[in-house]
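Step one of this worksheet: look at the structure below.
The values are calculated or read from the model by the stated rules, or taken from the named source; none is laboratory data. What you are looking at is a predicted structure, and each value in this text was computed from that prediction instead of being measured. Quick reminder, even Gly has a Cβ in these numbers, built from the backbone with ideal geometry, and neighbours come from all protein chains shown.
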Amino acid sequence: MTKTPKTNPKNLVYNATESPWKIGYGGNPGDDYAVIISPYRLRAICTLEPRDYTLENARLISAAPQLLKVAQKLLLWMEECMPACDFTQEDMDLYHELRQTIRTAGGFSSDTH
């Protein structure tokens, strides 16, 4: 199996508005749109307009900060386990998918390859 370089934890970043993010409503909870809010920001992080709004989308977006942080911790844990574990090709594919997902979410510093 090819040797996978370890990620320097200092290269894992979180540059979005600090969590927790929560679902808010523009008027009443029965409205057909929602906003994602944070106690660290005066304005909404994003607005889910009626054509985009579903409770499932709002829940996923509001969980994004925690999901990124957990994914980063899982990446480091997988790299720690690799030398002692017998990772299958499926395990390595999952590792690379996790790494790419973190990159897509902006979870690596800009100088990380």
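Would you mind finding the one in Ile36, Ile102 that is β-branched (Val, Ile, Thr), touching a Cys at 6+ places or on another chain (Cβ under 7 Å), surrounded by 15 or more Cβ atoms within 10 Å (Cβ to Cβ) and touching a residue at least 12 places away in the same chain (Cβ under 8 Å)?
Ile36
When the range 77-88 is examined, which residues are found to be assigned to a helix (DSSP H, G or I) and exposed (fewer than 14 other Cβ atoms within 10 Å of the Cβ)?
Trp77, Glu80, Cys81
Which of the residues belonging to the range 28-46 are assigned to a loop (DSSP other than H, G, I, E, B) and modelled with pLDDT of 90 or more?
Selection gives Ser38, Pro39, Tyr40, Arg41, Leu42, Arg43, Ala44, Ile45.
Looking only at the range 57-75, decide whether some residue is in contact with a helix residue (DSSP H, G or I) (Cβ under 9 Å, 6 or more places away or on another chain), assigned to a loop (DSSP other than H, G, I, E, B) and not hydroxyl-bearing (Ser, Thr, Tyr). Write out each step before concluding.
Going residue by residue through the range 57-75, those that are in contact with a helix residue (DSSP H, G or I) (Cβ under 9 Å, 6 or more places away or on another chain) are 60, 67-68, 71-72, 74-75.
Retained after the next criterion (residues that are assigned to a loop (DSSP other than H, G, I, E, B)): none.
No, the conditions are met nowhere in the range 57-75.
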